[in-house]
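Right, one structure below, let's go through it.
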Amino acid sequence: PRFGLAAVKKLCASLAKGKLSLSEATDKIETIKHPAVRSSARQVIPAFANYLRRKPIEGLEAFDGFRITYPIGPRPGGGTLAIPIVPTFIGVRDEQLVPIFMIPWATLSLDDFQKILMSSILKDALLSHQQFIGCNGEIVAFPNIENERVRYERSWDILSYAKMDREDLNKQFSVFGRALTSIIEELDKEE
């Protein structure tokens, strides 16, 4: 998207943590300044509330601000290139910690390879973290129903798609690193 949807994810996390009721979250939607973000929130919040009813989870405030970085290779020009791993919220379901990653985009065009890559990174980076060993995480998206302004839930467990081991991931990061270096070299030539 051309605009950030952090406000939508923040409202959803507040719902999961019990900080806001659905009616309070609905009222807060109207305080969002960006019209496209506000429109997205109007569609996502009810769908997320249905998700919470269907798959109850208790969001934990203790993990607010939880963030790790995951190194993926050398940074062009020196240093290490790393990606941030930031769950939308972390909760408890069936006495297990469950990091939830929410994608509030109106369209979700991830193919299976992208889901496998994303899930494998999350497994290697987060589910191997001491606090999350033996846990699973979930990726939850809320794309539009075709030609309507209604969202539906689409979710998957991280472990159901995490099929790459560290060696496979390193190969992918190497390809990405070479492509990034090549793009930077081309841009430098154009100047």
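The values are calculated or read from the model by the stated rules, or taken from the named source; none is laboratory data. Just so you know, these numbers come straight off a predicted model, no measurement behind them. Backbone-built Cβ (ideal geometry, glycine too); neighbour counts: all protein chains shown. To get the accessible areas, we keep the full protein, side chains included, count just its heavy atoms, and leave off ligands, DNA and RNA. Shrake-Rupley method; radii C 1.70, N 1.55, O 1.52, S 1.80 Å.
Taking the longest Cα principal axis of the chain as reference, the axis of helix 166-190 is set at about 70 degrees.
Rolling a 1.4 Å probe across the protein heavy atoms gives segment 1-114 an accessible surface of 56 Å² per residue.
Heavy-atom accessible area with a 1.4 Å probe sorts Arg67, Arg42, largest first, into Arg67, Arg42. Computed across the chain, the Kirkwood radius stands at 18.2 Å (inverse of mean 1/r, all Cα pairs). Shown here for segment 90-160: GluC sites (Glu not before Pro) in loop regions (DSSP other than H, G, I, E, B) with at most 16 other Cβ atoms within 10 Å, namely Glu95, Glu146, Glu148, Glu153. In segment 1-82, taking the dipole from charged Cβ atoms about the Cα centre, the farthest positive-side position among Ala13, Gly77, Ser39 is held by Gly77. Using just its DSSP H runs of length 4 or more, each adding -39500 (n - 2.57), the chain gives a mean residue ellipticity at 222 nm of -14000 deg cm²/dmol after division by all residues. Here the Kirkwood formula puts the hydrodynamic radius of segment 1-54 at 11.0 Å, using every distinct Cα pair.
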